[in-house]
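All remarks here apply to the structure that follows.
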Amino acid sequence: MKELLIAVTGASGTIYAERLLRAAAAQDFRLALVITPEGARVAAQERGWAVDFDSLQVNGLPREAEGKVMHFHPEDLSARYASGSSVPDAMVVIPCSMGAAGRIAAGLGNDLVSRAAEVCLKERRPLVLVTRESPLSIIDLRNLTTLAEAGAVIMPAAPPFYEKPKSLEDLADYFVARILDQVGIHIEHPGRWGG
Ligand SMILES: Cc1cc2nc3c(=O)[nH]c(=O)nc-3n(C[C@H](O)[C@H](O)[C@H](O)COP(=O)(O)O)c2cc1C
């Protein structure tokens with residue numbers, strides 16, 4: 001079974017993480033989750049998540065993902081994914097703040113998100129960053145360029161509208177299907193353009 005590490009950071013767009021967790025839970029994946037403190041704050045504001053960093057309980061995750069997700073503390077640098085010997089098969093930072101992108105680009109490795117991302121890059125495993133910031137400063141653009149040069153896939157949270165989504169969930173699902181493509185999982189979805 002493949003391992004997918006999902007990191008939720010403090011950018012807007014928690015719904016993307018929710019829909020990715022839901023879709024990935026239906027696949028043959030072992031799921032791991034790390035949420036930054038600011039990620040938890042934004043997730044509470046946008047989707048009503050309640051993250052307890054002591055017990056590592058998260059209320060608000062999609063029902064489909066319940067019981068299928070291992071949750072790691074964002075400061076736990078002894079967690080398995082901080083080591084190149086336990087690298088996940090893929091990592092998605094969703095949503096990815098410019099702060100997180102900057103920490104990864106600088107190679108800080110001083111929290112689990114930036115360290116696990118660094119490990120994925122050095123071990124040549126897919127690293128997808130679903131960024132959400134607009135407009136972008138030249139600093140952001142340089143950081144994202146550095147990350148793309150290092151092998152990360154930068155996917156600005158920009159879902160397609162051509163299949164006329166009927167809900168926010170629909171819209172996020174179209175985009176999540178594209179994210180899963182990047183980690184080698186191809187799911188059927190009405191959002192795929194058929195010409
Ligand atoms: C409600 C809210 C929305 C935010 N949205 C974004 C965003 O879309 N993109 C971004 O880069 N930062 C955003 N921020 C700022 C980040 O949360 C902030 O830079 C934080 O330090 C990121 O921390 P992290 O990377 O450790 O999660 C937002 C903050 C708040 C409170």
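Read-outs: derived from the displayed coordinates by stated rules, not from any lab. What you are looking at is a predicted structure, and each value in this text was computed from that prediction instead of being measured. Backbone-built Cβ (ideal geometry, glycine too); neighbour counts: all protein chains shown.
Phi-derived couplings, Karplus 6.51 cos²θ - 1.76 cosθ + 1.60 at θ = phi - 60°, listed residue by residue for region 75-86: 9, 7, 7, 9, 5, 4, 6, 7, 10, x, 7, 10 Hz, with x used for Gly and Pro.
Have a look at the DSSP beta bridges in the chain and tell me what percent are antiparallel, nearest 5. Expressed as a percentage, antiparallel bridges in the chain total about 10. Glu46 to Ala106: FRET efficiency via 1/(1 + (r/R0)^6), r the Cβ-Cβ distance, R0 25 Å, to the nearest 0.05? Efficiency, from the Cβ-Cβ distance: 0.40.
Between Ser78 and Ile187, full extension at 0.36 nm per residue minus the direct alpha carbon distance yields a gain of 35.9 nm. Descending by average beta-carbon neighbour count within 10 Å, the peptides 134-145, 113-124 line up as 113-124, 134-145, the highest first. What is the distance in Å between the Cα centroid of region 74-144 and that of region 34-54? Cα centroid to Cα centroid, the span is 18 Å. Cα gyration tensor of region 136-192, axes a ≥ b ≥ c as square roots of the eigenvalues: rounded (a/c below 1.5), prolate (a/b > b/c) or oblate? Oblate.
Applying 1/(1 + (r/R0)^6) with R0 = 25 Å to the Cβ-Cβ distance of Gln27 and Tyr162 gives a FRET efficiency near 0.50. Would you mind classifying region 2-182 by shape? Square roots of the alpha carbon gyration tensor eigenvalues, ordered a ≥ b ≥ c; an a/c under 1.5 is rounded, otherwise it is prolate if a/b is larger than b/c and oblate if not. Rounded is the answer for region 2-182, as its axis ratio a/c remains below 1.5. When you count the other C-beta atoms within 10 angstrom of each residue and take the mean per peptide, 29-36, 49-56, 177-184, 160-167 line up highest first as 29-36, 177-184, 49-56, 160-167. The lysines within cross-link reach of Lys68, meaning a Cα-to-Cα straight distance under 26 Å and a gap of 8 or more places when in the same chain, are Lys2. Computed extension length for Ser55-Glu38: 4.4 nm, one decimal, from 0.36 nm per residue of separation with the Cα-Cα distance subtracted. Modelled label positions at Leu136 and Arg63, each set 7 Å beyond Cα in the direction of Cβ, lie 3.8 nm from each other.
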